[in-house]
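K.L.:
Please find one structure pasted underneath; my questions will follow.
The values are calculated or read from the model by the stated rules, or taken from the named source; none is laboratory data. Worth saying up front: this structure is predicted, and the values here are computed from it rather than measured. Counting neighbours? That spans all protein chains shown, and the Cβs are built from the backbone with ideal geometry, glycine included.
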Amino acid sequence: MQLFPEQASALAGRVDALYFFLIGISVFFSLLIAGLVVYFAVKYRRRSETEPAPEPATGGIALEIVWSVIPLGIAMVIFGWGASVFFSINRPPDDALEIYVVAKQWMWKLQHMEGQREINELHIPLGRAVRLKMTSEDVIHSFYVPVFRVKQDVLPGRYTQIWFHPTKVGRYHLFCAEYCGTKHSGMIGWVTVMEPPDYQAWLSGGTGEGSLASRGDKLFQDLACVNCHKADGSGRGPSLEDVAGKTVELEGGQKIAVDDEYLRESILSPQSKIVKGYQPIMPTFQGLVTEDQLLQLIEHIKSSGKPAAGKATR
Ligand code: CUA
């Protein structure tokens, strides 16, 4: 039986180092204090019934400063170290491979940009940072891969992210780490880290359904979004060409960044933030599109008006 999971991500070593440092500090002070309690109890015990009670000790400013400053220093080291690891965990590199995760009772659904879809399985290449954008169809779940030392809550109604840089080929456990109902313990899966050529081979064994963006494009037509959101801006809704990542002005003059959250909100609750110059006439698509389809639509909007890089290739 293994006490600790192996380290299979670039961050795992740093997380473990901090963890062992905390354990070391706790063990050191626990032993020191418990040892002194026993030692002093024996050394200063009352030796006879007639022995008078000792004079209480007072003062000792130097001692008080020492036992305040040393713990302060240790606490600041823990804070600085912890903050640095925290920031690394929360800042994915820009070139990370993006994969979408939709959690539901009780399974993990994963979608690759190229179109591959997996359930309770995630295939990723070795040596490349991977960023997961996650949401839930029902309750709160938590995406947890112990060998990567990462865990992140997956919430309904919003996107959270997690990233890691796998450093070892292998097949690793994936868990749900938030109690989410009867079969929570069965909400598990596998992350397979592959050599890049193997990963390419795996990717090319595609589904034939096309990339996420191209499926989003099809939905965009099927749901008739295209009737109002004309590419040339002449429609009843704003053009969505090349709008993702930009800033738009709303009715009332407020400016807002067009990120995934805003796109999502605009599909599900289109009346909440109307772009300046347009009427609040769009109906809600709440209940009409699934979380998977929302991601496809968002991916389509992000790729439209962009050069081929983001566009559907198949
Ligand atoms: Cu999903 Cu626990």
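K.L.:
Picking from 35, 59, which residue would you name as being small (Gly, Ala, Ser) and at pLDDT 95 or above?
P.N.:
Only one candidate passes the filter, namely 35.
K.L.:
Residue 219 is checked against (1) out of contact with any helix residue (DSSP H, G or I) (no Cβ under 9 Å at 6 or more places or on another chain); (2) closer than 18 Å to residue 109 by Cβ; (3) more than 16 Å from the ligand (Cβ to nearest atom) and fails just one. What number does that condition carry?
P.N.:
(1)
K.L.:
Checking the structure you have, find out if any residue of the stretch 118-133 is within 18 Å of residue 9 (Cβ to Cβ), surrounded by 18 or more Cβ atoms within 10 Å (Cβ to Cβ), within 16 Å of the ligand (Cβ to nearest atom) and in contact (Cβ under 8 Å) with a residue 60 or more places away in the chain.
P.N.:
The answer is yes, given that some residue of the stretch 118-133 is within 18 Å of residue 9 (Cβ to Cβ), surrounded by 18 or more Cβ atoms within 10 Å (Cβ to Cβ), within 16 Å of the ligand (Cβ to nearest atom) and in contact (Cβ under 8 Å) with a residue 60 or more places away in the chain.
K.L.:
Next question, about the same structure. Checking the structure you have, find out if any residue of the stretch 253-268 is among the hydroxyl-bearing types (Ser, Thr, Tyr), in contact with a Ser or Thr (Cβ under 7 Å, 6 or more places away or on another chain) and surrounded by 13 or more Cβ atoms within 10 Å (Cβ to Cβ).
P.N.:
No, because not a single residue in the stretch 253-268 is among the hydroxyl-bearing types (Ser, Thr, Tyr), in contact with a Ser or Thr (Cβ under 7 Å, 6 or more places away or on another chain) and surrounded by 13 or more Cβ atoms within 10 Å (Cβ to Cβ).
K.L.:
If you go through the stretch 216-230 one residue at a time, do you hit one that is surrounded by 11 or more Cβ atoms within 10 Å (Cβ to Cβ), on the phi > 0 side of the Ramachandran plot and of a type outside the set (Val, Ile, Thr)?
P.N.:
Checked against the condition, which is being surrounded by 11 or more Cβ atoms within 10 Å (Cβ to Cβ), on the phi > 0 side of the Ramachandran plot and of a type outside the set (Val, Ile, Thr), the stretch 216-230 yields no hits at all.
K.L.:
Report every pair of residues separated by at least 6 positions or lying on different chains whose Cβ atoms are under 7 Å apart, first residue within the stretch 224-235 and among the aliphatic types (A, V, I, L, M), second surrounded by 13 or more Cβ atoms within 10 Å (Cβ to Cβ) and in a loop (DSSP other than H, G, I, E, B).
P.N.:
As it stands, the answer is 231/239; 231/241, since those pairs meet every condition given.
K.L.:
Can you list residue pairs whose Cβ atoms sit under 8 Å apart, with the first residue in the stretch 74-101 being farther than 24 Å from residue 294 by Cβ and the second being surrounded by fewer than 13 Cβ atoms within 10 Å (Cβ to Cβ) and of a type in the set (Asp, Glu)? Count only pairs 6 or more apart in sequence or on different chains.
P.N.:
So the pair list comes out empty.
K.L.:
To continue, here is another question. Which residues, counting only those in the stretch 176-193, are within 16 Å of residue 132 (Cβ to Cβ), within 7 Å of the ligand (Cβ to nearest atom) and in contact (Cβ under 8 Å) with a residue 60 or more places away in the chain?
P.N.:
Matches in the stretch 176-193: 176, 187.
K.L.:
Now for a different question. If I filter the stretch 1-54 down to residues being in a helix (DSSP H, G or I) and in contact with a Lys or Arg (Cβ under 8 Å, 6 or more places away or on another chain), which single residue comes out as surrounded by the fewest Cβ atoms within 10 Å (Cβ to Cβ)?
P.N.:
If we take residues in the stretch 1-54 being in a helix (DSSP H, G or I) and in contact with a Lys or Arg (Cβ under 8 Å, 6 or more places away or on another chain), then 16 is surrounded by the fewest Cβ atoms within 10 Å (Cβ to Cβ).
K.L.:
With the requirement that a residue be surrounded by fewer than 16 Cβ atoms within 10 Å (Cβ to Cβ) and small (Gly, Ala, Ser), what does the stretch 195-215 give you?
P.N.:
201, 204, 205, 206, 208
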